[in-house]
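Read the structure below first, then the notes.
The values are calculated or read from the model by the stated rules, or taken from the named source; none is laboratory data. As the structure is a prediction and not an experimental result, all values here were calculated from the model. Here the Cβ positions follow ideal geometry from the backbone for every residue, glycine too, while neighbour counts run over all protein chains shown.
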Amino acid sequence: MNNKKCVCVGVTGGIAAYKALEVVSKLKKHNIDVNVIMTNSATKFVTPLSFQSLSQNMVVTDMFAEPKAFEIQHISLAKKADIFLIVPATANIIGKIANGIADDMLSTTIMATKSKVIFAPAMNTNMFQNKIVQDNIKKLEGYGYKFIQPTSGRLACGDTGEGKLADVDTIVNKVLEEINNLDTNKDLMGKKVLISAGPTIAPIDPVRYLTNRSTGKMGYAIAEEAARRGAEVILVSGPTNLEKPNCVKVINVLTNEEMKNVLLDYFNDSDIVIKAAAVADYKIKNYSIEKIKKTEEDLTLTFERDNDILKILGEKKTNQILVGFAAESNNIVENAKRKIKDKNLDYIVANDITSADTGFGSDNNKVIIISKDGEEIYLDKMSKKEVASRIFDIILRKR
């Protein structure tokens, strides 16, 4: 982040208040200015001094305390905050805000802010599932307030069920996502972006299959970037261990054929199509419906060509911007240029898969983006998120 952002953290009176300390600590590590407001009940669980030490800012607890400077404190914090995070959010604070009640420093400041407000609820299962609480949550969501869904687990009261505060990293990542949205130009607003990611598998029998080393990280980074820029994003994903990107529709597939069919279903309605998946080029010619038994003899498998999805899309292309990927081990530029012509692409992103620090599984990449008119743009080693951003910068530059 170029400019230091301010997050105002509201802490209410629940046993999960101690986890807010870790939230504040992690936000500070991202160079965020954190200001904390505590309700009187919250101070019974965690001391203001703990939050003051971590945030390096004075903690506000009393609406009628003498201010440190001549300013109306709840108004100044309301204006200062880029994001307002309530963690933990009790049924009490949710109910207050839903019904316009402002009777302490926290509720008053929330009512006065025009910033994005995020609630991270934590409470007894029966309280969380109570129709009144759920109606209050829906009412606030209708007004544009955000909620981080609590998880299920053993609660402090001994009950087990939904109502446990979401994981700290989940909460922090949601705040960082909203901050990124503040800084991101919504230049893809109104656009539909279709992306493929990850590997596909080629089944041999009911037990065995062939695949490749793709992790899907590049395609997922592209999907996240498109969503941040305001696009409607559909991500067609082969098997990965990655978390679903926020604000992205994910369709999971396994085989080349499945990926082809889903991409074709959405292709005509898409504005930008980026095929970052590492699709199996070959499949078993004679798939065995029964498990192949081990014998004393060597096993010989016969392969046949599978769908060339990128070429099929290129043949059907009308007004779409079509971007392919070329994972190469040699003659990178020459091979990529051949693909861009043979498959009717607008751009191709080529990278060297033999590189130890930017190959499969790495969080970084080093690529050459080549356009159909022959322009070559070399991107040195950078994160896959940064590569994704540059890809869209280049695409939109000529639109």
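Which one of the conditions (1) touching a residue at least 60 places away in the same chain (Cβ under 8 Å); (2) touching a helix residue (DSSP H, G or I) at 6+ places or on another chain (Cβ under 6 Å); (3) closer than 12 Å to residue 86 by Cβ does residue 175 fail to meet, given that it meets all the rest?
Unmet condition: (2).
Select from the stretch 286-307 the residues that are in a loop (DSSP other than H, G, I, E, B), surrounded by 10 or more Cβ atoms within 10 Å (Cβ to Cβ) and not aliphatic (A, V, I, L, M) and list them in ascending order.
If the condition is that a residue be in a loop (DSSP other than H, G, I, E, B), surrounded by 10 or more Cβ atoms within 10 Å (Cβ to Cβ) and not aliphatic (A, V, I, L, M), then 287, 288, 291, 306, 307 are the ones that fit.
Go through the stretch 213-231 and give me each residue that's crowded, with 18+ Cβ neighbours inside 10 Å and over 14 Å from the mean Cα position of the chain (by Cα).
Scanning the stretch 213-231 gives 214, 215.
Filter the stretch 219-245 down to residues that are more than 9 Å from residue 193 (Cβ to Cβ) and part of a helix (DSSP H, G or I) and give me whichever is modelled with the lowest pLDDT.
Among residues in the stretch 219-245 that are more than 9 Å from residue 193 (Cβ to Cβ) and part of a helix (DSSP H, G or I), the one modelled with the lowest pLDDT is 228.
Answer yes or no: is there a residue in the stretch 351-372 that is at positive phi and at pLDDT 90 or above.
No, the stretch 351-372 contains no residue that is at positive phi and at pLDDT 90 or above.
If you go through the stretch 1-36, how many residues are closer than 15 Å to residue 167 by Cβ and not assigned by TED's automatic domain parsing to the domain that holds residue 177?
0
Would you be able to say whether some residue in the stretch 246-253 is closer than 19 Å to residue 386 by Cβ and either assigned to a helix (DSSP H, G or I) or assigned by TED's automatic domain parsing to the domain that holds residue 327 (or both)?
Yes - at least one qualifying residue is present in the stretch 246-253.
Residues that are under 23 Å from residue 187 (Cα atoms): list the helices (runs of 4 or more DSSP H) wholly contained in the stretch 308-399 that include at least 1 such residues. Break it down into steps so the answer makes sense when it comes.
Working: elements: 309-316, 332-342, 384-397.
Fully inside the stretch 308-399 and qualifying: 384-397.
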